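Notes follow once the structure below has been shown.
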Amino acid sequence: MGIGSLMRKGNTSSGIAALGNTVLAVLKFIAAAFSGSGTMFASAMHSLADAINQGFVYFGSALAEMRPSKRFPTGFGRLVNIFCMIAVIVVSIMAYETILKGWKLLQHPEQATDFWLNVVVLLAAVIIDGFILFKAMKEILEEARVEKKGNVFVQAFKNVGKASPATRLVFYEDLVATSGAILAIIGITLAQFFGILAADGVITILIGLLMVGVAFRVGYDNMIGLIGVAAPVEIEQKTANTILQDEDTVDIHHLRIIQEGRSYHVDGVIELRKGLSLAQADDIKFRVKNRLLEESEISDVTLGIIEDDNQTTWRPESGLT
């Protein structure tokens with residue numbers, strides 16, 4: 001598979017976010033240079049961190065789509081987790097610089113200039129980051145295969161854990177970016193019209209702390225992804241239902257589903273009805289396996305077969321007993 005083909009398979013949200021935040025970072029740094037606003041500087045640092053991170057994650061999500069090889073038989077799904085961990089390091093460094101800047105502004109408050117320039121740039125940030133955030137929320141619902149209609153924002157929060165690592169990163173980062181731009185507008189307004197110069201430093205520190213929160217959240221998610229985390233309960237139930245829908249499958253003796261990037265590896269032992277020949281049982285196993293592989297999120301299936309042991313192991317409401 002060529003580089004061009006791989007890049008086209010990269011996470012859409014992270015690609016759009018990388019481009020959008022690059023533009024925002026340039027605009028904010030220009031505004032910060034002209035006005036001397038610490039809040040604007042903090043917001044610019046955040047946009048720069050987001051642009052770098054999401055660029056990394058876009059390439060990581062694309063490389064994760066490489067086909068399995070002899071040396072890496074389970075594929076490259078966890079590459080996206082590695083790239084997300086690099087992104088966490090970048091966010092942490094930027095957060096430190098932002099908090100340090102805010103602390104200096106608290107100790108030595110400065111009067112910012114070019115109020116309207118700052119406001120226009122920050123309003124542009126709210127619009128662009130808000131659009132990226134909305135795209136990420138829609139992608140969460142698509143990846144989680146949410147069928148129920150409802151508030152997109154609420155549904156995205158409920159199902160963010162089922163989305164791919166790249167989409168989760170974009171969601172968290174742009175949630176903070178949009179919030180940070182709104183906070184920045186509040187900070188420069190308080191300093192300009194109410195003479196509360198300390199607001200500049202306080203808001204700058206607050207934005208830095210929000211970045212720290214993103215670093216911890218994303219870091220945790222991708223750390224467990226690298227270790228190997230079990231699939232969500234909904235995926236397990238869906239997989240079990242597909243297996244049990246086969247007329248010759250009586251029970252599920254063992255089922256383990258590991259999430260790797262945005263795909264799942266299924267390992268299980270199924271119980272078949274008694275009286276089947278080895279050839280018939282083998283055909284049933286491959287039939288069930290092929291049905292599972294028809295699901296786009298399942299990349300690998302390993303199934304064992306045994307004869308029905310007259311004991312119910314799998315319970316639909318709670319899984320294995």
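Brief remarks follow.
- Verdict on Gly20 being modelled with pLDDT under 75 and either assigned to a helix (DSSP H, G or I) or over 23 Å from Ala156 (Cα atoms) (or both): no
- Residue identified as at pLDDT 80 or above and not small (Gly, Ala, Ser) among Leu197, Leu122: Leu122
- Set side by side, the residues Val250, Val233, Val229 differ, and just one is in contact with a Leu (Cβ under 8 Å, 6 or more places away or on another chain), at negative phi and not hydroxyl-bearing (Ser, Thr, Tyr), which is Val250.
- Across the range 200-222, a minimum of one residue is classified as among the β-branched types (Val, Ile, Thr) and under 22 Å from Gly77 (Cβ atoms).
- Residue within the range 116-126 that is under 24 Å from the mean Cα position of the chain (by Cα), farther than 21 Å from His265 by Cβ and crowded, with 21+ Cβ neighbours inside 10 Å present: yes
- Against the test of being outside the structural domain of Gly161 (by TED's automatic domain parsing), assigned to a helix (DSSP H, G or I), touching a strand residue (DSSP E or B) at 6+ places or on another chain (Cβ under 7 Å) and among the aliphatic types (A, V, I, L, M), the options Ile305, Ile252, Ile257, Ile284 yield a single qualifying residue, Ile284.
- Any hit, the range 39-60, residues being touching an Asp or Glu at 6+ places or on another chain (Cβ under 8 Å), more than 19 Å from Met211 (Cβ to Cβ) and at pLDDT 80 or above: no
Listed here are the residues, each with its yes/no results for (1) in contact (Cβ under 8 Å) with a residue 60 or more places away in the chain; (2) in contact with a Leu (Cβ under 6 Å, 6 or more places away or on another chain).
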site: Phe131; (1), (2): yes, no
site: Lys135; (1), (2): yes, no
site: Lys158; (1), (2): no, no
site: Ala166; (1), (2): yes, no
site: Val170; (1), (2): yes, no
site: Asp174; (1), (2): yes, yes
site: Ala184; (1), (2): yes, yes
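- Residues of the range 268-279 that are exposed (fewer than 13 other Cβ atoms within 10 Å of the Cβ) and touching a strand residue (DSSP E or B) at 6+ places or on another chain (Cβ under 9 Å): Lys274, Gly275.
- Scanning the range 198-226 for residues that are aliphatic (A, V, I, L, M), touching a Leu at 6+ places or on another chain (Cβ under 9 Å), buried (at least 23 other Cβ atoms within 10 Å of the Cβ) and under 14 Å from Ala44 (Cα atoms) turns up Ile203, Ile207.
- Residues of the range 175-188 classified as of a type outside the set (A, V, I, L, M, F, W, C) and at pLDDT 85 or above, total: 2
- Looking only at residues of the range 56-78 that are in contact with a Ser or Thr (Cβ under 8 Å, 6 or more places away or on another chain) and either crowded, with 19+ Cβ neighbours inside 10 Å or not assigned by TED's automatic domain parsing to the domain that holds Ser13 (or both), we find that the one that is nearest to Leu100 (Cα to Cα) is Val57.
- Out of Gly195, Gly150, Gly161, sole residue that is touching a Pro at 6+ places or on another chain (Cβ under 8 Å) and exposed (fewer than 15 other Cβ atoms within 10 Å of the Cβ): Gly161
- Which listed residue is more than 24 Å from the chain's Cα centre (by Cα), without any contact (Cβ under 8 Å) to a residue 60 or more places away in the chain and assigned to a helix (DSSP H, G or I), from Leu292, Leu276: Leu292
The values are calculated or read from the model by the stated rules, or taken from the named source; none is laboratory data. Computed from a predicted structure; not experimentally measured. Cβ sites come from the backbone with ideal geometry, for glycine too, and all protein chains shown count toward neighbours.
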